[in-house]
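Okay, structure first, notes after.
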Amino acid sequence: MLNVVFSEKFLDHQTGPFHPEKPERLSAVKQAIAASDIAPKIEWKQPTPVEQRPVIPFIESVHTSKYIQKVKEIAATGGGYIDTDTVVSPRSYDVALLAVNAWIDGVDIVRETNQPTFVLARPPGHHAESETGMGFCLFCNAAIAALYALEKTDINRVAILDWDVHHGNGTQSIVENNSNIIYCSLHQYPCYPGTGKMTEKGFHNNVLNLPIPPNNDIKVYQQGFEKLVIPFISEFNPDLLIVSAGYDANQADPLANINLQPQDYGVFTDYCLGITSNILFGLEGGYDLAALGESVVATLSRCLEKEE
């Protein structure tokens with residue numbers, strides 16, 4: 001069995017009829033899982049309600065109180081925008097808090113089971129910086145989860161692998177001064193948000209960026225994984241691997257120009273499982289609904305195959 005953390009409340013973050021980061025993304029993933037042969041092997045978990053575990057202290061480990069209050073106020077006054085791409089609807093603040101709790105739950109499930117767990121939540125997080133959200137992201141889920149994990153006595157080192165097609169500028173800026181965290185990103189370059197050059201190494205040589213030119217495919221990713229990513233993460237020997245699992249490098253995706261196929265994410269997952277089984281996958285991007293669903297199924301399927 002494989003644990004997937006999900007709540008229907010994640011659909012309440014309303015971004016508008018033409019926004020690519022829409023509730024239908026999660027519905028498409030659920031439908032793809034239900035239609036696949038892995039459906040009986042998925043254990044659906046509800047995230048811990050915010051009333052049971054107040055999540056603000058964890059968010060404050062990453063974001064300023066002023067910014068958190070700003071998101072809360074925009075939601076409370078009927079909604080608005082953080083920037084031109086990043087929507088806050090009346091329910092977005094509460095949904096974003098629950099999403100953080102889901103990622104934290106994911107950390108705990110991995111610690112308890114020593115098996116991979118997938119967090120199917122939104123809004124995504126890897127572009128959110130300490131003082132502002134951007135790029136569809138409100139709170140930096142991966143960085144919050146990493147710092148939460150490091151509070152536990154059984155976790156001393158956390159690796160974050162970001163395979164979203166866009167560089168996780170928020171995650172990198174938050175964790176690059178922490179020697180107990182490494183951050184690795186494979187992303188299209190040039191592309192939004194314009195960060196993620198190979199020369200960016202972090203304050204402790206704890207950052208590895210692999211910018212990939214447009215129109216490349218799985219071959220370039222495989223070379224990157226085998227020559228650079230796997231050695232970088234393996235040498236660090238993490239107690240927990242967090243994957244910012246964006247699926248927008250698919251050829252079908254409207255927001256980028258990389259030519260991956262859904263099954264290629266099974267290859268990525270294999271590489272990760274070769275390092276450790278203690279993996280938290282959390283959804284980031286992926287905007288073609290069919291490709292997104294198939295890609296998540298590819299990730300989950302490979303985890304189940306490894307388990308069996």
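Observations on the structure shown:
- The range 128-283: antiparallel DSSP beta bridges as a percent of all, rounded to 5: 10
- With DNA, RNA and ligands ignored, accessible area of VAL220 (1.4 Å probe; Å², nearest 10): 50
- For the residues GLU176, GLU284, GLU200, a GNM of the chain with alpha-carbon springs under 10 Å puts the largest fluctuation on GLU200.
- Listed residue (VAL297, GLY194, PHE225) projecting farthest to the positive dipole end of the chain, Cβ model: GLY194
- Selected from VAL243, VAL100, VAL55 as most flexible by GNM, with the chain as the system and alpha-carbon contacts under 10 Å: VAL55
- Close amide H pairs (under 5 Å, H built 1.01 Å from N) link ASP162 with CYS184, SER185, LEU186, SER244, residues at least 5 positions away or on another chain.
- Backbone geometry of the range 112-125 corresponds, through the Karplus equation with coefficients 6.51, -1.76 and 1.60 at θ = phi - 60°, to 3J(HN,Hα) couplings of 6, 9, 6, 10, x, 9, 10, 9, 9, 9, 8, x, x, x Hz, x marking Gly and Pro.
- Most mobile of SER185, SER61, SER277 in a GNM of the chain (Cα contacts under 10 Å): SER61
- Approximate spin-label separation GLU8-THR84, in nm, with each point projected 7 Å along Cα-to-Cβ: 3.7
- Once log10 I(q)/I(0) by the Debye sum over Cα atoms at q = 0.06, 0.07, 0.11 Å⁻¹ is calculated for the structure shown, the corresponding label among [x] -0.30, -0.40, -0.85; [y] -0.19, -0.26, -0.64; [z] -0.16, -0.22, -0.58 turns out to be [z].
- Number of Lys-Lys pairs in the chain with C-alpha atoms under 27 Å apart and a separation of 8 or more places or on different chains: 29.
- DSSP-defined antiparallel bridges as percent of all bridges, the chain, nearest 5: 10
- Within the range 1-154: Cβ-based charge dipole about Cα centre, in debye rounded to nearest 20 (Lys, Arg +1; Asp, Glu -1): 180
- Added length on full extension, which subtracts the Cα-Cα distance from 0.36 nm per residue, ARG91 to GLN223: 43.3 nm
- Heavy-atom accessible surface of the range 93-188: percent carbon and sulfur, 1.4 Å: 37
- When the alpha carbon gyration tensor of the range 1-145 is reduced to an equivalent ellipsoid, the three semi-axes, largest first, read 26, 19, 12 Å.
- Residue-by-residue Karplus 3J(HN,Hα) for the range 150-156, coefficients 6.51, -1.76, 1.60, Hz, glycine and proline x: 5, 6, 8, 5, 8, 10, 10
- Using θ = phi - 60° in the Karplus curve 6.51 cos²θ - 1.76 cosθ + 1.60, the 3J(HN,Hα) couplings for the range 190-202 round to x, 5, 4, x, x, 9, x, 6, 5, 6, 7, 10, x Hz; x is entered for Gly and Pro.
- Part-to-part distance (alpha-carbon centres) for the range 266-308 and the range 156-202, which is given in Å: 19
The values are calculated or read from the model by the stated rules, or taken from the named source; none is laboratory data. Everything quoted here is computed from the prediction, not taken from an experiment. Heads up, the Cβs are rebuilt from the backbone with ideal geometry, glycines too, and the neighbour counts pull from every protein chain shown. Remember, those area values only see protein heavy atoms, side chains included, never the ligands or the DNA or RNA. Shrake-Rupley method; radii C 1.70, N 1.55, O 1.52, S 1.80 Å.
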